[in-house]
Amino acid sequence: MEAYRQEIILGAVALYMVFCVITGLWAMRRTSDASDFFVAGRGLGPIVISLALFSSTLSGFGFVGGPGLVYSIGVSSFWMITISTAGYALGFFMVSKRIRMIAELRNCISLPDVLAARYGSEAVRLLVAITIVLGVMGYLATQILAMAVVMQAILSGTAMFADIGLVACVAISSTVLIFYCVTGGIIASVYTDVVQGGIMMVAGVLILLTAMSVFDGGMTEATSIILKDDSEAIMPWGSAGIMASLGWFFVFGLGLAGQPHLVTKMMMNRNISDNRHIFPLSVMGYVLAALLWVSIGIIMRATVIDGVIPPLGLPDDAASVFLSVFTSPLLAGIVFAGLFAAIMSTSDAFLNIGTAAIIHDIPKAIWGKNIENELMWARIVTVILAIVAALFALYSYYADATLVALLGAFGWATFAASLFPVVALGLNWKGATVPGAVAAIVSALIINFGVQLAGIALPYGVSGGLLSFVVSLFLFLSVSLITKPPVLDRDIDRVMDI
Amino acid sequence: MGRQLIYVIAAICAAMTIILFLILTAEPVANAGGSAHPIFAGMRIGGDGLARLEHIGSLGYAFQALLLSLIVAFATLGVSEKHRTPRLRAYMIATLIFSLFILWQMVSSHLSFIATGETTYFMGFPAPTAWAMYGVWLGGIPLVLIYTLGFRQFIYTDEDQAEFEKLVAKSAAEGQETNNNPEEAR
């Protein structure tokens, strides 16, 4: 079997992609209008939603960038994972019930739709839609780049595709993604998410078991090796230090409830009472899948330090090198399919919300009405958005070869800082005002983009994401408290009492 | 805990903003955010743990304690005001105490390691990291239990459901399927 390693891996990935294409064709028959395309007609069951929710959370960033971060900076990146229970908790306590209620009452198909109804403001709709488009570009590009990097690693191991370039890999993987997103919209997206979530959970558990067998002393021996080399790397704050760790803890924990691709899925369940099952199922799925992140990163750092394998060319190679050195071909095939699953499940969600912002929310905010034939335009814009993001990904890769993970974190932080106050606090506090929302979004965008573009390095590893999030929260609350409380629409006012 | 909860949240956010400002303006320490590994390219090391915490350690711990408080306060805000009963408040306070206990264990075992260079291991990780890895994750579990087991008591009661269904029915009867036009719903 070892002699056919690359063929088995390639076969597993190809099988998975064929599944995606078939799902797209199947879902096309169930997509008759824009509501089906964007929110699956609000008719999904708890298992579908929970798998879609967690698989969209743990993206290519988690499967490619995550292990790379542990290899590079040790335990620091664990803080993105350990906060997941509290992060999901805030999403469900603060968002899931009321977003679903408003979506049903006002027939909303996007997050900006819900916020326009909550604040009674088209300005809020426009700002949120623009924020989503900006964040989607950064995040979608990250996903496409991760997909292409993994595909290149797989194909270049075969004789036939030994010299395949990154551009060709971007083209192949994007084509599959575009196909099922265009044909089946969010219905194809969530049903592929179900399989993607299943693969990711199985992959996480199997990888943990494999990782524990690399050293005779299991994970304890691996962490002891890292401890002897540099104790801080394996201590709670990792190599990056206390404020970098707490920054991730803050941004990934609180920020989950501000991620538009996740909270939009909270609009799609059939019954509000399903949330009591969706929440624990999502947490469980996420934890199982995240085992891959932790175990690969630790083992790769320990094996390199111990001289078992040579140093990696790039930290982001951690997952692919681990799979090629330590796993059986069959497991490697499952995990590589899982990698694609993780990346695609997030990409399709971003394509969907980005398209909704462009063809539904921005025109509505500017002209006050929907464009005609939204479904047709949704399909056209999905293609254009994916192509633009793919070009952006290639530009980022060739012009500035930074870690895939950091670009992903930037996308997450942008959404977290700008949208968490507006969404999570806005849906639970009647005193939240339009000026407060505008102040939060604008300040978050300026600080996030400013710090990133100017290349400002803040002391003690404090990230621009953390700074922008804290400032945005503070401004949202203080501006709302000093401005006149809004008069809410009657139905919205009653929803906020329930 | 009624309408004043938002003021508690605002106070916590203000305190976190101040602490962040103090950290950003604290006396800098070389390589506080790590430095390149001397042998392996792509790896970073943390170096001297004590030096990195010298000027901002207490501020960092305070920041984390406030963050944990904020999470519990936000979760409480997510419960409708009429369901914030003494029992819910007790559960939320217990959740916060549990999280703060885990933080204290993590910090004290880390400082003990820095002082002595010795540590025990738990489930594959040095004790301080095990508190960070397993403990912090477990710190959110009470919120999962409160939400799941108390769903019909605190989150979405039968009365809430009936009220919402009435609202939807009324909206439909009034022809208020507004295609999300707020003006029509006023």
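The values are calculated or read from the model by the stated rules, or taken from the named source; none is laboratory data. This is a predicted model, so every value here is computed, not measured. Cβ coordinates were reconstructed from backbone atoms using ideal geometry, including for glycine residues, and neighbour counts include every protein chain displayed. Remember, those area values only see protein heavy atoms, side chains included, never the ligands or the DNA or RNA. Shrake-Rupley method; radii C 1.70, N 1.55, O 1.52, S 1.80 Å.
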Could you tell me whether any residue of segment A:73-81 is open to solvent by less than 10 Å² (accessible area, probe 1.4 Å), in contact with a His (Cβ under 8 Å, 6 or more places away or on another chain) and within 11 Å of chain B (Cβ to nearest Cβ)?
no
Would a scan of segment B:141-152 turn up a residue that is touching a residue at least 12 places away in the same chain (Cβ under 8 Å) and either farther than 30 Å from residue A:274 by Cα or polar (S, T, N, Q) (or both)?
no
Matching entry among A:127, A:115 (being open to solvent by 10 Å² or more (accessible area, probe 1.4 Å), in a helix (DSSP H, G or I) and within 30 Å of residue A:493 (Cα to Cα)):
A:127
I need the helices (runs of 4 or more DSSP H) fully contained in segment A:406-498, keeping only those with at least 1 residues that are in contact with an Asp or Glu (Cβ under 9 Å, 6 or more places away or on another chain) and within 10 Å of chain B (Cβ to nearest Cβ).
A:490-495
So, in segment A:130-143, exactly how many residues are touching a Gly at 6+ places or on another chain (Cβ under 9 Å), among the β-branched types (Val, Ile, Thr) and open to solvent by less than 10 Å² (accessible area, probe 1.4 Å)?
3
Qualifying residue in segment A:147-156 (condition: open to solvent by 10 Å² or more (accessible area, probe 1.4 Å) and among the small types (Gly, Ala, Ser))
yes
Mind listing whichever residues of segment B:22-61 are open to solvent by 80 Å² or more (accessible area, probe 1.4 Å), within 28 Å of residue A:67 (Cα to Cα) and charged (D, E, K, R)?
B:44, B:48
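Looking at segment A:286-399, what helices (runs of 4 or more DSSP H) fall wholly within it and have at least 2 residues that are in contact with a Phe, Trp or Tyr (Cβ under 7 Å, 6 or more places away or on another chain) and either buried (at least 20 other Cβ atoms within 10 Å of the Cβ) or among the aromatic types (Phe, Trp, Tyr) (or both)? Give the steps one after another, and end with the answer.
On the way: elements: A:318-326, A:329-356, A:362-367, A:374-399.
Passing ranges, in order: A:318-326, A:329-356.
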Here the residues within segment B:131-152 that are at the interface with chain A (Cβ under 8 Å from one of its Cβ atoms), closer than 18 Å to residue A:223 by Cα and open to solvent by less than 30 Å² (accessible area, probe 1.4 Å) are B:132
Segment B:107-130, residues that are at the interface with another protein chain (Cβ under 9 Å from one of its Cβ atoms) and farther than 20 Å from residue A:228 by Cα:
B:107
Starting from segment A:210-233, keep only residues that are more than 9 Å from chain B (Cβ to nearest Cβ), then list their pairs with residues that are of a type in the set (S, T, N, Q) whose Cβ atoms are within a distance under 6 Å, requiring at least 6 positions of separation or different chains.
A:210/A:327; A:211/A:295
Looking at (1) surrounded by fewer than 24 Cβ atoms within 10 Å (Cβ to Cβ); (2) in a loop (DSSP other than H, G, I, E, B), find the lone condition where residue A:178 falls short.
(2)
Taking helices (runs of 4 or more DSSP H) that fall entirely within segment A:1-68, which contain at least 3 residues that are surrounded by fewer than 24 Cβ atoms within 10 Å (Cβ to Cβ) and in contact with a Gly (Cβ under 8 Å, 6 or more places away or on another chain)?
A:5-29
Of the residues in segment A:452-475, those that are over 28 Å from residue B:4 (Cβ atoms) and either free of Cβ contacts under 8 Å to residues at least 12 places away in the same chain or surrounded by fewer than 21 Cβ atoms within 10 Å (Cβ to Cβ) (or both) come to A:452, A:453, A:454, A:455, A:456, A:457, A:458, A:459
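From the list A:202, A:190, which residue is part of a helix (DSSP H, G or I), in contact (Cβ under 8 Å) with a residue 40 or more places away in the chain, open to solvent by less than 30 Å² (accessible area, probe 1.4 Å) and more than 14 Å from chain B (Cβ to nearest Cβ)?
Working: A:202 fails: open to solvent by less than 30 Å² (accessible area, probe 1.4 Å).
It is A:190.
How many of the residues in segment B:153-178 are at the interface with another protein chain (Cβ under 8 Å from one of its Cβ atoms) and not polar (S, T, N, Q)?
Counting residues in segment B:153-178 that are at the interface with another protein chain (Cβ under 8 Å from one of its Cβ atoms) and not polar (S, T, N, Q) gives 8.
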By residue number, the members of segment B:49-70 that are more than 8 Å from every other protein chain (Cβ to nearest Cβ), over 18 Å from residue A:463 (Cβ atoms) and without any contact (Cβ under 8 Å) to a residue 60 or more places away in the chain are B:51, B:54, B:55, B:58, B:61, B:62, B:65, B:69
Helices (runs of 4 or more DSSP H) completely within segment B:128-186 that count 1 or more residues being within 30 Å of residue A:81 (Cβ to Cβ) and modelled with pLDDT of 90 or more:
B:136-139, B:141-149
Tell me whether segment A:240-257 contains one or more residues that are assigned to a helix (DSSP H, G or I), within 14 Å of residue A:306 (Cβ to Cβ) and facing chain B (nearest Cβ under 7 Å).
no
